[in-house]
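Every number here is computed from the coordinates shown, using simple stated rules; none is lab data. The structure displayed is predicted, hence computed values, not measured ones. A quick note on method: Cβ atoms are made from the backbone with ideal geometry, for glycine too, and the neighbour counts reach across all protein chains shown.
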Amino acid sequence: MSTPTPHPLVHAVNVTKSFGHVEVLKGIDLDVHAGEVVCLLGPSGSGKTTFLRCINSLERIDGGRIWVDGDLVGLREVDGRLHRLTDRQIAAQRRDIGMVFQRFNLFPHMTALENVIEAPIRVRGESRADATRRATELLDRVGLADRRQNYPAQLSGGQQQRVAIARALAMRPKLMLFDEPTSALDPELVGEVLAVMRELAADGTTMIVVTHEVAFAREVADQVVFMDGGVVVEAGPPAEVIGNPRHERTRSFLARMRAGAEHG
């Protein structure tokens, strides 16, 4: 387990978000310290993915504040008033945040290697030689050294997701966000992606993971956050939230997950 730093890398205070008349986030507070792994658990529709997207300014929050490494996300404060950042400024903030989605979102016309080097060259201005060197190392790290010239259509879902992880890591992010990275995979391919994520956690990568993989959360997370109905029901170490939950909503959710795993 990681040793918390004095100031959180991610500091979210009273975050709210609505889509039309539907209030999806109802005041979320969360601190994540550098090197920590935080897993967000909860039923579908509980607001987990929306909150993750808010951290990366893929959704604009309606209320509250989110800071990443001391920077206010998506906003700047001038004389006590908040102003939206421009699209260019938001894009600059996103350079330090890697995100891996349910669907792999690889460029289909590019090889695995080309997918990984694209952003470092275009966004960070790295030379093709340097980007290629690092991409080759990252693809090797995720077990795909021999697949770097393959196109996404030539890769399994698990392999595509591992390329997506390498692509996110290529930007040298301070923070990695994972939005149910195994939910679109066939069951036999889940393990290979979780293995890469376990290694990242062991290396001290700061990660926020939306997942239904309760065993993974129990094993890897420093902190588990159970969300339901747009609120944090309970949060704490996995031994507490998963091993000895205080709230009936958490207990019933975990019981359903266990029953699904046994019948799956």
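Within the shell of other residues whose beta carbon sits under 9 angstrom from the beta carbon of Val209, the net charge comes to -3, with Lys and Arg scored +1 and Asp and Glu -1. For Thr182, no residue has an amide H sitting under 5 Å from its own, ignoring neighbours fewer than 5 places away on the same chain, with H placed 1.01 Å from N. Taking label points 7 Å from Cα along the Cα-to-Cβ direction, Ala202 and Asn14 give a separation of 4.3 nm.
For each of Phe51, Phe101, count neighbouring Cβ atoms within 10 Å of the residue's Cβ, then give the residues from fewest to most.
Numbers: Phe51 26, Phe101 19.
Exposure proxy ranking, most exposed first: Phe101, Phe51.
With the simple spin-label model, which puts each label point 7 Å out from Cα in the Cβ direction, the Arg124 to His7 separation comes to 2.3 nm.
Taking a ≥ b ≥ c as the square roots of the eigenvalues of the Cα gyration tensor, segment 107-172 is classed as prolate, since a/c reaches at least 1.5 and a/b is larger than b/c. Under 19 Å of direct C-alpha separation, and excluding same-chain neighbours fewer than eight residues apart, Lys26 reaches these lysines: Lys17, Lys48. Each Cα pair under 8 Å and six or more residues apart adds its sequence gap; the mean of these over the residue count of segment 107-172 is a relative contact order of 47 percent.
In this calculation the C-beta distance from Ala195 to Arg81 is compared with R0 = 30 Å, giving a FRET efficiency of 0.05. Its residue count N fixes a reference of 2.2 N^0.38 Å for segment 178-225, and the Cα radius of gyration divided by that reference is 1.06.
Multiplying the residue separation of Arg95 and Asp71 by 0.36 nm and subtracting their alpha-carbon distance yields 7.4 nm.
This ranking places Cys54, Cys39 by how few other beta-carbon atoms lie within 10 Å of each, fewest first, which gives Cys54, Cys39. Using θ = phi - 60° in the Karplus curve 6.51 cos²θ - 1.76 cosθ + 1.60, the 3J(HN,Hα) couplings for segment 131-146 round to 5, 5, 4, 5, 4, 5, 4, 5, 5, 5, 4, 8, x, 10, 4, 8 Hz; x is entered for Gly and Pro. All other residues whose Cβ lies under 11 angstrom from that of Pro245 are scored, Lys and Arg at +1 and Asp and Glu at -1, for a net of 0. Along segment 109-124 the Karplus relation, 6.51 cos²θ - 1.76 cosθ + 1.60 evaluated at θ = phi - 60°, assigns HN-Hα couplings of 8, 10, 5, 4, 4, 5, 4, 6, 8, 4, 5, x, 6, 7, 9, 8 Hz to successive residues, with x for each Gly and Pro.
Note that the chain, at 10 °C in a medium of 1.306 mPa s, gets a Stokes-Einstein diffusion coefficient of 83 µm²/s from its Kirkwood radius over C-alpha pairs.
Subtracting the Cα-Cα distance of Arg133 and Arg103 from their residue separation scaled by 0.36 nm leaves 8.2 nm.
As a rough guide to protection, the peptides 198-205, 179-186, 110-117, 57-64 ranked by mean Cβ packing within 10 Å, highest first, stand as 110-117, 179-186, 57-64, 198-205. The fraction of all Cα pairs in segment 1-115 landing in successive 5 Å bins from 0 to the largest distance is 2, 10, 18, 21, 20, 15, 9, 5, 1, 0, given as whole percents.
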